[in-house]
Amino acid sequence: QVQLVESGGGLVQAGGSLRLSCAASGSIFSIKAMGWYRQAPGKQREVVAGIASGGSPNYANSVKGRFTISRDNAKNTVYLLMNSLRPEDTAVYYCNADIRPIGVPFSYDYWGQGTQVTVSS
């Protein structure tokens, strides 16, 4: 079994910072891309940032210059440092990873359970 467990969400004032973490565990052979998505009430889930196994990051235009994604391959963990938070960043944030389990010849898309981020004005 493979699972993703997120942590680090919470309530913060506008202009503040939060750091999200997502650790993958279980019978993992390899992890390709990892990333973060978010879903605000009444809206569709959208991509926030992604990072390849080699470390090349990409960001949604709405978070460029404010958010930083990074990963620790030794710990199978991806992070999202969120600075200069705005009320419009309020959403449930989900971790996503492309993981190949041990003994399986292909990879699957895995999701975390989500963590709430609320930014007050």
Given (1) touching a Lys or Arg at 6+ places or on another chain (Cβ under 8 Å); (2) over 20 Å from Ser107 (Cα atoms); (3) crowded, with 20+ Cβ neighbours inside 10 Å; (4) not polar (S, T, N, Q), index of the condition Leu20 fails: (1)
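Of all residues in the range 81-114, which are β-branched (Val, Ile, Thr) and buried (at least 22 other Cβ atoms within 10 Å of the Cβ)?
Ile99
Of Gln44, Gln39, which residue is loosely packed, with under 14 Cβ neighbours inside 10 Å and farther than 21 Å from Gln1 by Cα?
On the way: Gln39 fails: loosely packed, with under 14 Cβ neighbours inside 10 Å.
None of the other options fit; the residue is Gln44.
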Long-range neighbours under 7 Å by Cβ, at least six apart or interchain, first residue farther than 9 Å from Phe29 by Cβ and free of Cβ contacts under 8 Å to residues at least 60 places away in the same chain within the range 99-113, second surrounded by 10 or more Cβ atoms within 10 Å (Cβ to Cβ) and not β-branched (Val, Ile, Thr): Phe106/Arg100; Asp109/Asn96; Asp109/Asp98
Test set (1) of a type outside the set (A, V, I, L, M); (2) closer than 16 Å to Thr118 by Cβ; (3) open to solvent by less than 40 Å² (accessible area, probe 1.4 Å) - Gln13 fails condition number: (3)
Residue under evaluation Trp36, criteria (1) in a strand (DSSP E or B); (2) more than 10 Å from the chain's Cα centre (by Cα); (3) not β-branched (Val, Ile, Thr), criterion not met: (2)
Matching entry among Val78, Val119 (being outside any loop (DSSP other than H, G, I, E, B), open to solvent by less than 40 Å² (accessible area, probe 1.4 Å), in contact with a helix residue (DSSP H, G or I) (Cβ under 9 Å, 6 or more places away or on another chain) and at pLDDT 95 or above): Val119
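The values are calculated or read from the model by the stated rules, or taken from the named source; none is laboratory data. Worth saying up front: this structure is predicted, and the values here are computed from it rather than measured. Please note: Cβ atoms are built from the backbone with ideal geometry, for glycine as well, and neighbour counts cover all protein chains shown. Surface areas here come from the heavy atoms of the whole protein model, side chains and all, with no ligands, DNA or RNA. Shrake-Rupley method; radii C 1.70, N 1.55, O 1.52, S 1.80 Å.
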